[in-house]
Amino acid sequence: MTELAPDALLAGMAGMIASGGLEVVDLTHPLDPDFPVIVLPPEFGQCARFRVEEISAYDHRGPAWKWRNFTCGEHTGTHFDAPVHWVTGRDQPNGTTDSIPPERFIGPVCVIDCSAEAAADPDFLLTEGHLRAWEADHGEIPADCWVLMRTDWSRRRGADYLNMHGDGPHSPGPDGGAISFLVHERGIRGFGTETIGTDAGQATHLDPPYPAHSILHGAGRYGLQCLRDLDRLPARGAILIAAPLNIRDGTGSPLRVLALVPRAGGAA
Ligand code: MN
C-alpha cells in the first residue's frame with residue numbers, strides 16, 4: 001500500500017466522507033430524560049438522569065432566541081469512563097477527562113459479535129476463549145485499539161434495558177479473564193458495551209468484582225457504555241472518534257461516539 005502524505009490523506013478522507021465511501025455511523029442514544037441510568041443499591045449515591053429546562057423560547061424571557069439549561073451525571077446516557085472513575089485508577093496519570101491526551105480520542109476499533117449469545121442468555125459472559133475464537137477468524141486484536149462488545153442490547157426499551165430482578169440487574173458483559181487478556185496481553189485502549197455499564201449486570205459476583213471497571217481503569221484504560229447500533233460496524237477496520245467533554249477533573253462524560261466505516265465498493 002502506498003504511503004500518502006498527511007495532507008493528501010486528510011483531503012482524501014474528507015472527500016470519502018462527502019461521497020459516502022466512508023460512512024459516519026453514530027453510536028449514541030439521544031440524551032433524553034426517559035433514558036435509564038444505572039441504579040445502585042439504595043445506600044449509595046445515585047447518578048442523575050438527563051434533565052432540561054427552558055430559559056427562553058422567542059418570548060418575554062428572550063424575544064429573539066431560544067435556549068435551555070440541562071443537567072445530568074457524568075455517567076448519564078452514552079458516556080465515557082475515565083480511569084479515575086474507579087478506585088483502582090485513582091492515581092493513574094492523565095486519568096481525568098481534561099488530562100487525557102486528545103489523540104487518545106481517535107483510534108481503531110474491533111467489534112466482538114456476542115449478539116446470539118446475549119439473546120440466548122442475558123447473563124452471558126464474554127471470555128478469553130471467545131476472544132481467541134474471534135482472533136482465529138479476524139486476526140489478532142491490535143495494541144491500542146478499542147474493543148466493543150456487540151450484544152444488540154441497545155434495541156431493548158424501558159425496563160428490559162436494565163433488566164432488574166430481585167437479585168439485581170441481569171445484562172451481559174466480560175468476565176475477568178477476558179478483560180485481563182485484552183489489557184495485559186493485547187494492550188487495548190478501552191472497552192465498550194451497549195449495556196448500562198462496561199461490566200455485566202451480575203458482575204459484583206465475579207473475580208475480581210466488576211472486572212472491567214477494576215482492571216481497565218487500574219491500567220489507565222477507558223470505558224464506553226450505552227453505545228448503540230454496533231451491528232453497523234465491521235469486525236475490524238473502522239475508526240472510532242470518542243471525545244468526552246473537557247470537564248475539569250472529570251470522571252467521565254456523556255459524548256457523541258462516531259465510527260468511520262469503510263463502505264464496501266466505495267461511494268454508494
Ligand atoms: Mn460510567
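Would you check if Asn69 is at positive phi and either more than 16 Å from the ligand (Cβ to nearest atom) or under 16 Å from the mean Cα position of the chain (by Cα) (or both)?
The answer is no for Asn69.
List every residue pair whose Cβ atoms sit under 6 Å apart, with the two residues 6 or more apart in sequence or on different chains, where the first one lies in segment 3-29 and is farther than 25 Å from Val147 by Cβ and the second, anywhere, is modelled with pLDDT under 95 and loosely packed, with under 13 Cβ neighbours inside 10 Å.
Ser19/Ala267; Gly20/Ala267; Gly20/Ala268; Gly21/Gly266; Gly21/Ala267
Scan segment 251-268 residue by residue and report those that are in contact with a His (Cβ under 9 Å, 6 or more places away or on another chain) and either modelled with pLDDT under 95 or part of a loop (DSSP other than H, G, I, E, B) (or both).
Thr251, Leu255
Would you mind stating whether Gly12 is at positive phi and surrounded by 11 or more Cβ atoms within 10 Å (Cβ to Cβ)?
no
Out of contact with any helix residue (DSSP H, G or I) (no Cβ under 7 Å at 6 or more places or on another chain), of a type in the set (S, T, N, Q) and more than 25 Å from Leu230 (Cα to Cα): which single residue out of Gln46, Gln92 fits that description?
That would be Gln46, the only listed residue that is out of contact with any helix residue (DSSP H, G or I) (no Cβ under 7 Å at 6 or more places or on another chain), of a type in the set (S, T, N, Q) and more than 25 Å from Leu230 (Cα to Cα).
Keeping to segment 120-129, report how many residues are in a strand (DSSP E or B) and either in contact with a Pro (Cβ under 6 Å, 6 or more places away or on another chain) or modelled with pLDDT under 95 (or both). Walk me through how you get there before you give the answer.
We begin by selecting, within segment 120-129, every residue in a strand (DSSP E or B); these are 125-126.
Now restrict to residues that are either in contact with a Pro (Cβ under 6 Å, 6 or more places away or on another chain) or modelled with pLDDT under 95 (or both): 126.
Of the residues in segment 120-129, 1 are in a strand (DSSP E or B) and either in contact with a Pro (Cβ under 6 Å, 6 or more places away or on another chain) or modelled with pLDDT under 95 (or both).
Look at segment 246-265 and say how many of its residues are touching a Pro at 6+ places or on another chain (Cβ under 7 Å) and of a type in the set (A, V, I, L, M, F, W, C).
Residues that pass the stated criteria total 2.
Val183 passes all but one of (1) within 14 Å of the ligand (Cβ to nearest atom); (2) within 17 Å of the chain's Cα centre (by Cα); which number fails?
(1)
The values are calculated or read from the model by the stated rules, or taken from the named source; none is laboratory data. The model shown is predicted, which means the values in this text are computed figures rather than measured ones. Ideal geometry is used to build each Cβ from the backbone, glycine not excepted, and the neighbour counts take in all protein chains shown.
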